[in-house]
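The values are calculated or read from the model by the stated rules, or taken from the named source; none is laboratory data. Quick caveat: nothing in here was measured; it's all calculated off a predicted structure. FYI the Cβ positions are ideal-geometry reconstructions off the backbone, even for glycines, and counts take in every protein chain you see.
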Amino acid sequence: MRAVFVDANPTLGDLAERLRQPSDPAVTVNHQPDVKPAELPGVIGDAEVIWVDHTALPTDIARQCKALKHVVFLGTGARSYMNIEELAGLGIQVHLIKGYGDTAVAECAFALMWASSKGFAFMDRGMRAGNWLRMDGKQLTGKTVGLVGYGGIAAEMARLCLGAGMKVLAWNRSKKDAPAGVDFVDIDTLLSKSDVVSVHLLLNDETRGFLSKDRIAKLKKGAILVNTARGAVVDEAAMVAALKSGQIGHAGLDVFDIEPMPAGHVLTTLDNVTLSAHSAFRTPEASDNLINAAHAHTRRIAKEGK
């Protein structure tokens, strides 16, 4: 069985080689992360298994890869890069990796929440420009955070927020048992009662644009919005309008509709926005978890011989 890591950045490429166990199937690492979809057939060749980090795999391109049977997607957001159902129709199975960065992403959401509440990014920009800009922050102890979606990352976020003395509300599309300290409520209650709303939904057809113009209008005025999930879960135009009007007091964003964010994007012009470059999951611990899981998937596929 032949496997190829098609778009390895230096960190993940080195980890793929270092963390491979002697008995694991060999994985050819393409140390060129910027691969265009049209180049994939040449990179994949006769491989049956590919690892994909961030490269789109259109169905018509996959159709040209005659030996391909398995895609190990390095994360959970494969639908942003490929049509899983269409690939299944070609006999190609997509494998996701869940939970590898739950703590890392939750810590990023937590950090963005605090940075947003204190205005650090605004003051930092001003001071670098030679201005002594001070602003009133928001105290979060005793405030309410609402978690939209409740999986592993949100559970970690809840743990951190409870430890900081916050009240935690949560909403999930399917019924979940409420852990100690977390109150599950309907989405309208969560939006209207939360001082901070943190988004933790996977992106699919049902969640695209979930935080719509109408739902954003139900936010407590001046609330902080944190998104470390996927940009398309939030109606970006409605969010920008709400930031300008003050309906949203501040947004801490790690994900965007278009990535990388284009130069001059409207979000870069707003003082009440704190930005990070889709880096929530980027910690050494999470990367180790991710690559170990990818090798485990490949090991299992080789053992099953399918």
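Observations, loosely collected:
So that you can scan it fast, the table gives a plain yes or no per residue for (1) within 20 Å of the chain's Cα centre (by Cα); (2) surrounded by fewer than 14 Cβ atoms within 10 Å (Cβ to Cβ); (3) more than 19 Å from Leu191 (Cβ to Cβ); (4) free of Cβ contacts under 8 Å to residues at least 24 places away in the same chain:
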site: Met239; (1), (2), (3), (4): yes, no, no, no
site: Gln247; (1), (2), (3), (4): no, no, no, no
site: His250; (1), (2), (3), (4): yes, no, no, no
site: Phe256; (1), (2), (3), (4): yes, no, yes, no
site: Ala263; (1), (2), (3), (4): no, yes, yes, yes
site: Leu267; (1), (2), (3), (4): yes, no, yes, no
site: Leu270; (1), (2), (3), (4): no, no, yes, no
site: Val273; (1), (2), (3), (4): yes, no, yes, no
site: Ser276; (1), (2), (3), (4): yes, no, yes, no
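- Residue match in region 244-256 (condition: among the polar types (S, T, N, Q) and closer than 20 Å to Ala111 by Cβ): no
- Test for Ala280: is it aliphatic (A, V, I, L, M), touching a residue at least 24 places away in the same chain (Cβ under 8 Å) and not in a helix (DSSP H, G or I): yes
- Residue in region 169-177 that is within 18 Å of Ala223 (Cα to Cα), out of contact with any helix residue (DSSP H, G or I) (no Cβ under 6 Å at 6 or more places or on another chain), surrounded by 14 or more Cβ atoms within 10 Å (Cβ to Cβ) and among the basic types (Lys, Arg) present: no
- Answer from Asp60, Asp24, Asp53, Asp34 - the residue that is among the acidic types (Asp, Glu) and within 19 Å of the chain's Cα centre (by Cα): Asp53
- Residue match in region 290-298 (condition: of a type outside the set (Lys, Arg), touching a residue at least 60 places away in the same chain (Cβ under 8 Å), over 16 Å from Ala121 (Cβ atoms) and in a loop (DSSP other than H, G, I, E, B)): no
- Ile84 satisfies every condition listed in (1) at pLDDT 95 or above; (2) more than 22 Å from Arg299 (Cα to Cα) except (2).
- Val233 under 20 Å from the mean Cα position of the chain (by Cα) and assigned by TED's automatic domain parsing to the domain that holds Phe110: yes
- Note on region 167-205: residues that are among the basic types (Lys, Arg) and within 23 Å of Gly75 (Cβ to Cβ) total 2.
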